[in-house]
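J.: Handing you a structure now.
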Amino acid sequence: MTVMVRPPLSEWERERGEALGAALRAARGDRSMVEVAARAGLSVETLRKIERGRVPTPAFFTVVAIAEALGVPLSDLVSTQVRLSA
């Protein structure tokens with residue numbers, strides 16, 4: 001039996017996840033998490049984890065779906081990530 005264990009996140013990965021989460025929360029504004037998750041085709045728990053930085057590397061299609069649900073250009077979210085890596 002193989003047991004898969006995810007290695008701990010690096011400081012950079014944690015910061016990147018937190019920055020993405022903060023950008024998504026800011027873009028969501030007063031809209032409910034339920035509304036945005038439904039529009040993006042995600043569970044509320046998945047959106048909550050991403051917004052809290054607990055999923056520092058969500059799948060690209062997930063980020064695209066959230067950006068579309070929020071009406072935010074993907075480039076706005078990507079620019080947050082680029083600033084962190086510089």
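J.: State all residues of the range 27-52 that are assigned to a loop (DSSP other than H, G, I, E, B) and hydroxyl-bearing (Ser, Thr, Tyr); if no residue qualifies, say none. Even if it seems obvious, please write down each step before you answer.
T.: Our first condition is that a residue be assigned to a loop (DSSP other than H, G, I, E, B); within the range 27-52, this holds for 29-32, 41-43, 52.
Answer for the range 27-52, where residues must be assigned to a loop (DSSP other than H, G, I, E, B) and hydroxyl-bearing (Ser, Thr, Tyr): 32, 43.
J.: Okay, moving on. Report, by residue number, each residue of the range 24-36 that is in contact (Cβ under 8 Å) with a residue 12 or more places away in the chain and not basic (Lys, Arg).
T.: 24, 27, 33, 36
J.: What residue, among those in the range 27-58 that are closer than 14 Å to residue 71 by Cα and not hydrophobic (A, V, I, L, M, F, W, C), is surrounded by the most Cβ atoms within 10 Å (Cβ to Cβ)?
T.: 28
J.: If you don't mind, there's one more thing I want to ask. Cβ-Cβ under 6 Å, sequence separation 6+ or interchain: first residue in the range 53-74 and in a loop (DSSP other than H, G, I, E, B), partner at pLDDT 90 or above. Which pairs?
T.: 53/21; 55/49; 58/50; 72/27
J.: Looking for whichever is at pLDDT 90 or above and either surrounded by 14 or more Cβ atoms within 10 Å (Cβ to Cβ) or of a type in the set (Ser, Thr, Tyr) (or both) here; the options are 24, 77. Which one fits?
T.: On inspection, the qualifying residue turns out to be 24.
J.: Separate question: Under the condition of being among the aliphatic types (A, V, I, L, M) and closer than 13 Å to residue 55 by Cα, which residue from the range 1-21 is surrounded by the fewest Cβ atoms within 10 Å (Cβ to Cβ)?
T.: Once the filter is applied, the top-ranked residue is 9.
The values are calculated or read from the model by the stated rules, or taken from the named source; none is laboratory data. Values in this document were obtained by computation on a predicted structure and should not be read as measured data. A quick note on method: Cβ atoms are made from the backbone with ideal geometry, for glycine too, and the neighbour counts reach across all protein chains shown.
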